[in-house]
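What follows is a single structure, written as C-alpha cells, with notes after it.
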C-alpha cells in the first residue's frame, strides 16, 4: 500500500475508485465501504484510494469546543488498519481552516476531480462535505454527470440491531466493554505508542512491564483496570496483561500510566513502538494494603487473563510471526446437528488462530441446536436461517451476514487441531493468487487414514469424475506422509473449505440448486477458469467424522452425486469437449447402473434415472448459468489462461476398474497442457 501526505506528490491514478472520510476506528461500516471500493477497482482494473483527514476536521472547525475530542484511532493506527483491509493507496489530507472553507462546488472540482480524476466515488449513507456541510450524495451525482464519474452509496450497516457508528464504539470503549467494541469494529480496539521508562515497580513485583506513551492527546483511553491483551512488537504477537490506572497502592506516584506485562518476553524495548489489542477488561483498578497483597492479586490476574486469551486462540507455546492476522470467520452450517456441536465445538474454540470469529448458521433445525448453543456457547455468534436451505444455499445465506477477509466453511462433524488454520492463512497471505485452500482431512475414527470428503486435495479426470490425493472413489489410503507437500489441486473438500470472502461473493458462491454435493467442485472450477489457484496445505490437519451431515452410500447421495456432477460439467466444461464428453458420460452412468444392478441396489438405479431426468429438465437453466458464469469469469479474471493444475488427462474410472489402481500415487500424472479447460 502507498501512503501520500501531500496532494502535490500524487501520481495520476489509473481508473481511480475513491472514498473520502475520517474513518476513525475503521469500523465495520467503514469496512463495507472499503470492500466496495476494492471490488470496484478490480472490476475496472483501477486503483482503490482512501482519502482521510488529519487532524480530525472537528479539531479544526470547533477548536474551542469544551468537549474533548476522543478518537478511536491515531492516524498511524488508521493507516495500518486501511492496509490490513487491502487498500491500494491512502491519501492523508492536512485539514486546515482554509480547506474547511471550500464550498461544495470547490471541494468537488478543485479537490476531488483535480487530484484524483475519479472513475467512481464511494460514500456512506450520511456523507456530507464542503462549507457548512452543504454537499451530499445528490450534489456529487449532479457533478458526476459532467465530470464522468459515478457515485456509489453504501447503505446503513446494522450489527446487533444497532447502526454502526464511531459514537457507539466510543461508548463501549468508555465502559470497558471490549467485546462489544470488537463486534462493531470487527477487530480489537488498539492502543499504540512508544515504550518509555517507568519506576521499575513491576520488575520488583515479578511482573516487569513496558510503559506505553500514547502520542495523541485525543486518543480514547479505556477506563482504569486490568485487561487481557495481545501485544505486537516488530511483527511478533504475544499474550499480555495490561494495566491502566494511577497506581493507588503506591503512595509516591499518582500519575495515570498505561503499562503491559508481556508473557515470556525478556527484550529491552525502550524507545520502540508497541501495539496493544485489548481483548477483555477483567477488573477495576484497586488499592491494596501493601506490595505483597498487590503481588498476590497480580498472580490471580495473570491466571484470569491467560484463560481469556486461551479462549481467543493464544497458548503459552504460541508466538505468532505475522502482524495483523486477517480476520477469518469460521462458519459452521448446522441442521439438526446438536450432538456434533456438543462434541466438536470445543476443538474449534481452542484454535490458535488469533483473529477468528466463529459463526453457527442454523438451517431450520428442529433438535434444539440454537437453544443448546445459547446455553453452552454464548460466545459463538448464531444465525437463524429460519428453514433448511440445503448445504449450498445455506452457506450462501450465512455468508451474506459475515464480514471478514477469509471465510472457513467447516462441517459440524469436524474436529480441528489447535494450530490448523494458521498455516493455511499464512500461505494464502503469501500468494494472493490462491483463492481456495483446504487442510489435510483425515478420518476421525481412523486417524491414520484419509477421509473421503477431500482427503489431501481434489482432482478431476478427463471425464469430469472427482477423486483425491489419498482417495479414489470409496478407497481411502493410509496417511504415511506421502502427500505432505503443499500442492495445487483442482478442488477443495467442502468439509473444511477456506476461501477469500470477496471471491466467494464475486463468483456467486455455491450454486444453490445443487442443494449438497459437488457445489465446491463447481465453485472451484469457476475460479480455476479465471486463473486462480486452489491449494492443499498438509501442515494443517483436521479430522472428519464423515457422513455426519449427509450420509454416504445412500440413494439420496447417489442422486445428488450423479445429478450435480453432470450439472457441473455442463456449466463449466469447454464447449468443444462437451460434444463427445456428454454422450460418453451418459454411457458411463449406464454402466454404473449395471454395477448397482449386479449388487441388487435398485434404489440407486432409480436415483441415477432421476438424476438424468432432472438434468434434461434443467438444460435451459444450466445453459443460462453457463453464460452467466462465463461473464463472471471474464469480469474477475486473474490470469489470461485457465489454471489446469489438478486435472488428470486420463480416466480414473478405467484406472480403478480395469487396471485396479487404488492409490493416487500409482496414477501416472502427466498434465494435459493443451486441454482447453
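Assorted remarks:
- The residue that is nearest to residue 438 (Cα to Cα), counting only those in segment 658-667 that are in a helix (DSSP H, G or I) and touching a residue at least 12 places away in the same chain (Cβ under 8 Å), is 664.
- Residue 644 fulfils the conditions (1) surrounded by 15 or more Cβ atoms within 10 Å (Cβ to Cβ); (2) in a helix (DSSP H, G or I); (3) modelled with pLDDT of 90 or more except for a single criterion, (2).
- Test result for residue 457, within 30 Å of residue 582 (Cα to Cα) and out of contact with any helix residue (DSSP H, G or I) (no Cβ under 8 Å at 6 or more places or on another chain): yes
- Applying the condition of being modelled with pLDDT under 90 and in contact with a helix residue (DSSP H, G or I) (Cβ under 7 Å, 6 or more places away or on another chain) to segment 188-206 and asking which residue is farthest from residue 233 (Cα to Cα) yields 205.
- Qualifying position, being outside any helix (DSSP H, G or I) and in the same structural domain as residue 414 (by TED's automatic domain parsing), among 508, 593: 508
- Residue in segment 184-201 that is farthest from residue 299 (Cα to Cα), counting only those that are touching a strand residue (DSSP E or B) at 6+ places or on another chain (Cβ under 8 Å) and surrounded by fewer than 19 Cβ atoms within 10 Å (Cβ to Cβ): 194
- Every residue from segment 566-576 that is in a helix (DSSP H, G or I) and either surrounded by 17 or more Cβ atoms within 10 Å (Cβ to Cβ) or touching a strand residue (DSSP E or B) at 6+ places or on another chain (Cβ under 9 Å) (or both): 566, 567, 568, 569, 570, 571, 572
- Some residue of segment 97-115 being crowded, with 18+ Cβ neighbours inside 10 Å, under 29 Å from residue 327 (Cβ atoms), in the same structural domain as residue 37 (by TED's automatic domain parsing) and in contact (Cβ under 8 Å) with a residue 40 or more places away in the chain: no
- Restricting the search to strands (runs of 3 or more DSSP E) fully inside segment 1-74 and requiring at least 2 residues that are surrounded by 19 or more Cβ atoms within 10 Å (Cβ to Cβ) and either on the phi < 0 side of the Ramachandran plot or out of contact with any strand residue (DSSP E or B) (no Cβ under 9 Å at 6 or more places or on another chain) (or both) gives 16-20, 47-54.
- Flag not set for residue 655, criterion: over 23 Å from residue 454 (Cα atoms), in the same structural domain as residue 530 (by TED's automatic domain parsing), at pLDDT 90 or above and in a helix (DSSP H, G or I).
The values are calculated or read from the model by the stated rules, or taken from the named source; none is laboratory data. Everything numeric in this text was worked out from a predicted model, so none of it was measured. Ideal geometry is used to build each Cβ from the backbone, glycine not excepted, and the neighbour counts take in all protein chains shown.
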